[in-house]
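Asker: Quick one: this structure, given as structure tokens, is what I'll be asking you about.
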Amino acid sequence: MAAVALLRLHHYTGNADYRDKADETLETFAGVAEQFGIFASTYGIAVLHLLGDPVQVVVIGDDNAASELYRQAVAGFAFHKTALRLNSNQAVAENLPPVLAQSIPHLPQLRAGKSFAVLCSGSTCQPPVTDASELHKSLQEATRKAA
């Protein structure tokens, strides 16, 4: 579980030290994981986090449209997917992953007061979407590629 937490921190912050520590942890248990029986599944989950590209969704807004976007963001399970919802006044650099901190606060949708979602896969982010069904399609494609 520590390796999973470290990898999630790496995906959120971009700090390579977290990934390195998780990699070291997984290497330590690589030769003995099979001895843990059903409890080795946690090791397998950590390896999936290590090898897969993260899919991150950030939903910004205060209205029903934001609620619907967030419902789509959290619908369906994927090991590599995380979702974050912020009200418009919370969309500041301090509350965002580093890769998004430089862009989201300056998006026209935020300035116009429109609810939107930004989907990132690996280190690439797609343009903001305002339609929940469009987000659903993009998420299906992104999680399929990340698996």
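The values are calculated or read from the model by the stated rules, or taken from the named source; none is laboratory data. The structure presented is a predicted model; accordingly, all values stated were derived computationally and were not measured. Cβ sites come from the backbone with ideal geometry, for glycine too, and all protein chains shown count toward neighbours.
Asker: On the basis of being touching a residue at least 40 places away in the same chain (Cβ under 8 Å), under 16 Å from Ala73 (Cβ atoms), within 14 Å of the chain's Cα centre (by Cα) and in the same structural domain as Ser67 (by TED's automatic domain parsing), does Ala132 make the cut?
Answerer: no
Asker: On to the next question. Could you please find all residues in region 93-125 being of a type in the set (S, T, N, Q) and surrounded by fewer than 19 Cβ atoms within 10 Å (Cβ to Cβ)?
Answerer: Listed by number, the residues that qualify are Asn95, Gln102, Ser103, Ser123, Thr124.
Asker: Same structure again: Give the residue, chosen from Gly31, Gly61, Gly52, that is on the phi > 0 side of the Ramachandran plot and of a type outside the set (A, V, I, L, M, F, W, C).
Answerer: Answer to the selection: Gly61.
Asker: Take Val74 and tell me if it is modelled with pLDDT of 90 or more, closer than 20 Å to Ala142 by Cβ, β-branched (Val, Ile, Thr) and assigned by TED's automatic domain parsing to the domain that holds Pro127.
Answerer: yes
Asker: Going through region 75-92 one residue at a time, which ones are exposed (fewer than 15 other Cβ atoms within 10 Å of the Cβ) and in contact with a strand residue (DSSP E or B) (Cβ under 6 Å, 6 or more places away or on another chain)?
Answerer: none
Here is a yes/no grid of residues against (1) surrounded by fewer than 14 Cβ atoms within 10 Å (Cβ to Cβ); (2) closer than 12 Å to His80 by Cα; (3) polar (S, T, N, Q):
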residue: Asp17; (1), (2), (3): yes, no, no
residue: Glu27; (1), (2), (3): yes, no, no
residue: Thr42; (1), (2), (3): no, no, yes
residue: Leu51; (1), (2), (3): yes, yes, no
residue: Val55; (1), (2), (3): no, yes, no
